[in-house]
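Enquirer: The structure is given below, and queries will be raised subsequently.
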Amino acid sequence: MYKLRETDIVYFRDKNEIFTIISNFIAVNGSNIRIFSYLLFVQLFVLAVGFFTQIKIANTLGRELFGQLAYGLAIGIYGQVFIRFGLDRTLVRDLVHHPEKTENIVAASLTLRYALSVFLIFALVLWKHFFAVDISWGLLLVIIGFSILSLDLQPVYDAWKKIPRHTTYYLIQKIIYFTVVWFIVLFFPNSLSINLIGTAVLSSAIVFLFLQHNWVANAMIDRTEIRYSFFAAYELGRQNILVWFTAFGGLFIVYFNQLILKYYAGFSELGSYAAAWQIVMLGMLFLDQIARIGNPATAYYTKRDVPPRARATFIMKYVSIMMIAISPIVLVMLVFQTLVFELLFKPEYAPASTLLPIFAIYLILVSVGYVASQYLLAARKEQYYFFSILIGAIASVLLGVSIIPCYGAWGAALTICVSHALTILINIACMFYNLKKEDEQ
């Protein structure tokens, strides 16, 4: 017969303590919990509708046209990085570290990005007219629509703790895009084209930017006098030049393989790769929401007055949360890859199911990489981050031109996984080196 031990009595006593700890945690972190719950609700909606929208587009357009759309999106990502000038990585940090300069930092960032947007749109139109004969005007609208999303003011909303408001604007943008696409799919199924998709992308982006810029402008006018200065924009750009180059290097890791794949294997093979990539984007959206809340927290924990041990504890918790969040999707990609493609895509996409195990490993790496890169940038260790991206970019180009011509989409997936792994491992090593160095001081 089992006898009650003293340790068991302590265990039963501790149950009340556990409930007290949980209650206190909810009371202290109630605001973050509510924000995350709203983000989760919106993202679940966007994930569900957006995922099946992309699947419907892929099945309706076929591999060739879907490959063209993926090609346009890849170029649009390059446009985003050009316009952002690295501000998506550093603006939250600057606003958290220098709250007294908030309005003028925001004004300088807008001046810089609007100037870059005008230049980019002009360059894209000239490129389409004189060189890119295989790019339709509809695909150009897709590229421009995705590029100008870099005028987004998400870092400002995050720093001002207005994440729910920005999330609402994001939801409106997605609803506009989904409504246009599904209206065509349901009532004019044979009319879905890249031209109509490009119109939907551009119009929804314009509404999204107008809503958030209008609110921020009114909020800043109420707070203080704002000075829009090209000199301030130049200084902000000068400070971010290394991060900007680093961001372009990151594109060579994530998206350059798609451009190589299109060049050697054509739009059809790129369409297969893009179909498998939709599953990756599903996982990335989950990671993005956690990283969005974690970014301001990382900026706080890298302030000079925060003890090194508190930094290390935060980092370990952050990594654990990211890996737990992505594990269900990773498990599906590893175990049920064939079933996923049978349920979601036409038979012409079936060979791409072999890419999912590689992409599952990629998602695990990215979940840790998010934390390491945010830490290095928040701690103003841009040189470490730049070095890691440079190594990964070189590896991506060398691997891409070596194996993609022979192995097609499978080679493209392996390229992104290996090159990104190198970058993330270097980031992790630099992060722990910095933590150890801070602890010794």
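The values are calculated or read from the model by the stated rules, or taken from the named source; none is laboratory data. Because the structure is a prediction, the values reported are computed rather than measured. Neighbour counts are summed over all protein chains in view; Cβ atoms, including those assigned to glycine, are modelled from backbone coordinates with ideal geometry. Accessible surface is based on the protein model in full, side chains and every heavy atom, while ligands, DNA and RNA are left aside. Shrake-Rupley method; radii C 1.70, N 1.55, O 1.52, S 1.80 Å.
Enquirer: Contact list please: Cβ distance under 6 Å, first residue in the range 223-240 and in a helix (DSSP H, G or I) and among the β-branched types (Val, Ile, Thr), second residue open to solvent by less than 100 Å² (accessible area, probe 1.4 Å) and at pLDDT 65 or above, pairs at least six apart or on different chains.
Expert: The qualifying pairs do not exist here.
Enquirer: Within the range 390-407, restricting attention to residues that are open to solvent by less than 10 Å² (accessible area, probe 1.4 Å) and over 22 Å from the mean Cα position of the chain (by Cα), which residue is modelled with the lowest pLDDT?
Expert: Result: GLY400.
Enquirer: Kindly indicate the residue of the range 303-327 that is touching a helix residue (DSSP H, G or I) at 6+ places or on another chain (Cβ under 8 Å) and at pLDDT below 75 and also least open to solvent (accessible area, probe 1.4 Å) among those meeting that condition.
Expert: VAL306
Enquirer: Among the numbered conditions (1) under 20 Å from THR102 (Cβ atoms); (2) buried (at least 20 other Cβ atoms within 10 Å of the Cβ); (3) free of Cβ contacts under 8 Å to residues at least 40 places away in the same chain, tell me where ASN214 comes up short.
Expert: ASN214 satisfies every listed condition except (2).
Residues are listed down the side, and each one gets a yes or a no for (1) open to solvent by 20 Å² or more (accessible area, probe 1.4 Å); (2) hydrophobic (A, V, I, L, M, F, W, C); (3) free of Cβ contacts under 8 Å to residues at least 40 places away in the same chain:
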site: LEU112; (1), (2), (3): yes, yes, no
site: ILE121; (1), (2), (3): yes, yes, yes
site: TRP127; (1), (2), (3): yes, yes, yes
site: SER136; (1), (2), (3): yes, no, no
site: GLN154; (1), (2), (3): yes, no, no
site: ILE172; (1), (2), (3): yes, yes, yes
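Enquirer: So, one more: Just checking, which of LYS128, LYS174 is within 20 Å of the chain's Cα centre (by Cα), closer than 28 Å to ILE197 by Cα, among the charged types (D, E, K, R) and in a helix (DSSP H, G or I)?
Expert: LYS174
Enquirer: I would also like to ask the following. Any idea which of (1) small (Gly, Ala, Ser); (2) open to solvent by less than 30 Å² (accessible area, probe 1.4 Å); (3) at pLDDT below 80 is the one ALA276 doesn't satisfy?
Expert: Here ALA276 meets the rest and fails (3).
Enquirer: Another one. Is it the case that the range 365-372 has a residue that's polar (S, T, N, Q), within 25 Å of GLN54 (Cα to Cα), open to solvent by 20 Å² or more (accessible area, probe 1.4 Å) and part of a helix (DSSP H, G or I)?
Expert: No, there is no match, as no residue in the range 365-372 is polar (S, T, N, Q), within 25 Å of GLN54 (Cα to Cα), open to solvent by 20 Å² or more (accessible area, probe 1.4 Å) and part of a helix (DSSP H, G or I).
Enquirer: For the range 180-203, indicate whether the set of residues that are closer than 18 Å to LEU47 by Cα and open to solvent by 40 Å² or more (accessible area, probe 1.4 Å) is non-empty.
Expert: Within the range 180-203 (the criterion being closer than 18 Å to LEU47 by Cα and open to solvent by 40 Å² or more (accessible area, probe 1.4 Å)), the answer is yes, since at least one residue qualifies.
Enquirer: Can I ask one more? Taking VAL106 and the conditions (1) aliphatic (A, V, I, L, M); (2) open to solvent by less than 20 Å² (accessible area, probe 1.4 Å); (3) within 21 Å of LEU251 (Cα to Cα), which numbered condition does it fall short on, given that it satisfies the others?
Expert: With respect to (1) aliphatic (A, V, I, L, M); (2) open to solvent by less than 20 Å² (accessible area, probe 1.4 Å); (3) within 21 Å of LEU251 (Cα to Cα), VAL106 is out only on (3).
Enquirer: Continuing with this model, one more query. Within the range 362-381, can you find the residues that are over 19 Å from ALA312 (Cα atoms) and in contact (Cβ under 8 Å) with a residue 60 or more places away in the chain?
Expert: TYR362, LEU363, VAL366
Enquirer: Here are the criteria: (1) open to solvent by 30 Å² or more (accessible area, probe 1.4 Å); (2) outside any loop (DSSP other than H, G, I, E, B). Tell me which single one LYS161 does not satisfy.
Expert: Only one criterion is unmet by LYS161, namely (2).
Enquirer: Based on what the data block shows, is ALA325 in contact (Cβ under 8 Å) with a residue 40 or more places away in the chain and in a helix (DSSP H, G or I)?
Expert: Yes: the conditions hold for ALA325.
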